[in-house]
Amino acid sequence: MAAKPEIFDLVVTGAGPGGYVAAIRAAHLGLKVACVDRRASLGGTCLNVGCIPSKALIEVADAAHKMNALAHTGLQASASVDLAAWQSWRQGIVGNLVSGIRGLLHRAGVNRQAGELRFTRPNQAVVETPEGKAQFYEFTDVVIATGSRGMQLPNLAPEGKHILDSTGLLALTEIPSHLTVVGGGWIGIELGTAFAKLGSHVTIVEATSRILPTLDAALASPVLARLHQLGVTVKTEALAEDFDGTSLRVRNGDETQQIKTGTVLVAVGRTPNTDQLGLDRLGVTVNE
């Protein structure tokens, strides 16, 4: 028999910027709240492996690039970035912010649980904890704030060494000499720009007719001009097919090209982390 569930007014699944803020607000309004996240660390993708680390990298890359760009003025200085040292700085920033969120949840009286949540009934869920135990919850309402993960391409699955997603790229301790970015959306452009400023030879491969295809076309033009200033090569209407460890094969219509590169970033969009939640048990029907 299943253990007796703990009863809450609200269960929030996901402790990122959407989830933990909702949990704290609900607790301030007097509700008994539980907040569940698969990570032991709080803050979700944004804080741990997304927005905060990428902005920290962008800031450092921009500072180094600006200093080096002033050589023609007579400034006798040059800057390079030690990514291993940057990782320590980044971890300190993330750690401090995670501690702050933990304190906010604690002071608000939110019950915090790490683990994988799965709905079992319209008002019940079970959480598999990192220790392999099952924690049962019963709730009146639920907030789903589980965020997203990077989409994958069949022949370019990230393996953590040469083919990387954004998380893997932000975990590097050495700057790659050649970086090829598959995907010209905002994540690929943002990280490609940062690594170009750090000294990588960057190529961006986009399947559609222009970069930033989901944004207004007028925004793409100045971004493209800036990429060219930084020496970034941009290939549009190009499909990345496979990678042999030293070259990425790209097809443009009937033509095939090999791009020499040691590191490939796959940034072709993101997909919701909702497929393992058991949304059907809540009576939720998910469309495309």
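The values are calculated or read from the model by the stated rules, or taken from the named source; none is laboratory data. Bear in mind the structure is a predicted one, so any value in this text is a computation, not a measurement. Counting neighbours? That spans all protein chains shown, and the Cβs are built from the backbone with ideal geometry, glycine included. Surface areas here come from the heavy atoms of the whole protein model, side chains and all, with no ligands, DNA or RNA. Shrake-Rupley method; radii C 1.70, N 1.55, O 1.52, S 1.80 Å.
Only lysines eight or more places from LYS133 in sequence, or on another chain, were considered; those with a Cα closer than 20 Å are LYS4.
Which pairs in the list LYS55/LYS197; LYS66/LYS235; LYS55/LYS161; LYS55/LYS235; LYS161/LYS260 are over 19 Å apart, alpha-carbon to alpha-carbon? Table pairs above 19 Å Cα-Cα are LYS66/LYS235; LYS55/LYS161; LYS55/LYS235.
Annotation for region 1-38 versus region 224-288: alpha-carbon center distance of 35 Å.
Please give the per residue accessible area of the chain, computed with a probe of 1.4 Å over protein heavy atoms only, in Å². All intermediate terms of the calculation are to be shown ahead of the outcome.
Numbers: 15490 Å² over 288 residues.
With the other protein chains kept in place, the chain gives 54 Å² per residue.
Looking at the chain, the DSSP beta bridges with both ends there are about 45 percent antiparallel.
Computed packing ranks the peptides 148-154, 35-41 as 35-41, 148-154, most packed first, by mean other Cβ atoms within 10 Å.
Within the same chain, aspartates and glutamates fewer than 8 places from LYS32 are excluded, and of the rest, those with a Cα less than 12 Å from its Cα are GLU6, ASP9, GLU138, ASP141.
Considering only the other residues whose Cβ falls under 15 Å of the Cβ of ARG25, what net charge follows from Lys and Arg at +1 and Asp and Glu at -1? Result for the neighbourhood of ARG25: 0. Shown for region 132-229: the carbon plus sulfur share of the solvent-accessible area, taken with all protein chains present and a 1.4 angstrom probe, equals 55%.
Solvent-accessible area of region 1-59 (1.4 angstrom probe, protein heavy atoms only): carbon and sulfur portion equals 62 percent.
Taking the inverse of the average 1/r across all pairs of different Cα atoms in region 108-246, what Kirkwood radius in Å do you get?
Details: mean 1/r = 0.0549 Å⁻¹.
Averaging 1/r across every pair of different Cα atoms and inverting gives 18.2 Å.
Cα centroids of region 43-96 and region 146-183: 19 Å apart.
Would you mind computing the Rg to Rh ratio of the chain from its alpha-carbon coordinates, Kirkwood style for Rh?
Values: Rg = 22.2 Å, Rh = 21.2 Å.
Rg/Rh for the chain comes to 1.04.
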